Structure formats: C-alpha cells, structure tokens
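First comes the structure, then the notes that go with it.
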Amino acid sequence: MDEKEKISRKLRFMKKYVDFLREYKPKSVEELEKDDLLKAAIERNFQLAIESALDIGEVIISERDFEKPEEYRDIMLILGKHKILPMDFAERFSKAAGFRNILVHMYEEVDAKKLHEYLQNNLEDFSEFSMFIAGYLEKKG
C-alpha cells in the first residue's frame, strides 16, 4: 500500500469516528454523566479519531523522512514546520494528542464537562485536518 492509499484509508476511518461523535453528541454535560455507555462510546471514538490523525502524520513523516517525533503532539508540530499544515492549526491541533493521552492512560479521570467541551468546540478540527491533508495529497500528485 502506498502513502496515498494509507492516508486515504486512515482519513475514511477518521471520518467514520467523527461522524459517530457528531451523531451522538449529547446536548448537555448531564446527559453524558448519566449515560455511561454513551460516554464510553464517545471517549473511544474520540480516541480513535485522534489516533487516526496521528497515524496520518506518522505516515507523512516517515515517507518524507522528516525528523522523528518524541511525543505524539510533536507529530502535528512537525507537519506544521514542514508546511503540510499551517503552523497555527498544527499548534492548536497538537493539543488533541494530550487529550488522547488522557483518554488512553487516565481514562478514570475523564471529566464529562471536558469531554462535552471538546465535542462542542473541537470536532471541526478533524474536518480542517482532512482538508489540509487532502491538499497535501493533491499537490503530491
């Protein structure tokens, strides 16, 4: 599988996870707090969407032989540094890696209020990321 195929596949999966988040986005923090199944499904789909974006970044970094990231957040910053992503977006979206770490490693501490806030304010970042990556693939031919 070449770079374009790998990235396209990851973009499709990422879209699936984000579509789930949009469809089941609770209207209130209280709705999240009282429905453990919904909260767990949202946490998992958020984690998978973020990991898909990070995987895409790692594919590009590897294919282009960019410097190796030391932390997950560095993936987006490296893409910004090399103008795959606008730097201001890369800096903002790199924070998703920190949220991913909370979802994976500190899952017992995931605050429903914070999760709801991310759902309300950060889902469009995935669409923006997809747009920038599509532009990268188009330029690459």
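Computed quantities for the displayed model
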| item | result |
| --- | --- |
| Kirkwood Rh and Cα Rg combined as Rg over Rh, evaluated for the range 49-141 | 0.99 |
| Column: log10 I(q)/I(0), Debye, Cα scatterers of the range 10-105, q = 0.16, 0.21, 0.22 Å⁻¹ | -0.70, -1.03, -1.09 |
| Under the Karplus curve 6.51 cos²θ - 1.76 cosθ + 1.60, θ = phi - 60°, whole-Hz ³J(HN,Hα) for the range 18-26, x wherever Gly or Pro sits | 5, 4, 4, 4, 5, 5, 9, 4, x |
| Cut-off under 5 Å, modelled amide H: who pairs with residue 35 long-range | none |
| Computed magnitude of the charge dipole of the chain (debye, nearest 20; Cβ of K, R +1, Cβ of D, E -1) | 460 debye |
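None of the figures in this text is laboratory data; all of them are computed from the coordinates on show. Keep in mind that this is a model prediction, so the values were computed, not measured. Don't worry about glycine lacking a Cβ; one is built from the backbone with ideal geometry, like all the others, and counts go over all protein chains shown.
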